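Student: Pasting in a structure now, in structure tokens, and then I'll have a few things to ask.
Any read-out appearing in this document is the output of simple, stated calculations on the displayed coordinates, not a laboratory observation. All figures in this text were calculated on a predicted structure; none of them were measured in a lab. In this analysis, Cβ positions are derived from the backbone assuming ideal geometry, glycine residues included, and neighbour counts consider all displayed protein chains.
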Amino acid sequence: MFDIGFWELAVLAVVALLVVGPERLPQLVRDGGRWLRAFRRFITETRFEIERELDADVARDFKRGLAEMDELMRIAPDREPPTKSVPPVAAPDPDPPPPGT
């Protein structure tokens, strides 16, 4: 996601050490870790909830489609669902034509 290498992190650590000081730096790192963990948990829960809602929408649309098909079948009961019919096979000719004609 972010293109941060080792040297960028090392510079960031040195700057943080100079700005915050060695006494407060460990607490700052712990707090940063807690914030990052809370942010990741929020993102994961949000993604899960969105996926669950989308699945519910798909299921609701599917059920609605099935209900519409049932209603159509109820309205037109004389219509039977199409059956797969096999076309008749032609019988072979009992008298084949003579060769050479």
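Student: Provide the net charge surrounding GLY65, with neighbours chosen by a C-beta distance below 14 Å and charges set as Lys +1, Arg +1, Asp -1, Glu -1.
Tutor: Charge balance near GLY65 sits at -2.
Student: Could you list the square roots of 5 times each eigenvalue of the Cα gyration tensor of segment 22-75, that is, the equivalent ellipsoid semi-axes, sorted largest first and rounded to whole Å?
Tutor: Result for segment 22-75: semi-axes of 52, 4, 4 Å.
Student: Now for a different question. Could you tell me the calculated FRET efficiency between GLU45 and MET73, based on Cβ-Cβ distance and R0 = 35 angstrom, to the nearest 0.05?
Tutor: So, using R0 = 35 Å, E works out to roughly 0.25.
Student: Place +1 on the Cβ of every Lys and Arg and -1 on the Cβ of every Asp and Glu in segment 22-75, take the dipole about the Cα centre, and give the residue among LEU66, TRP35, THR46 whose Cα lies farthest towards its positive end.
Tutor: Farthest towards the positive pole: TRP35.
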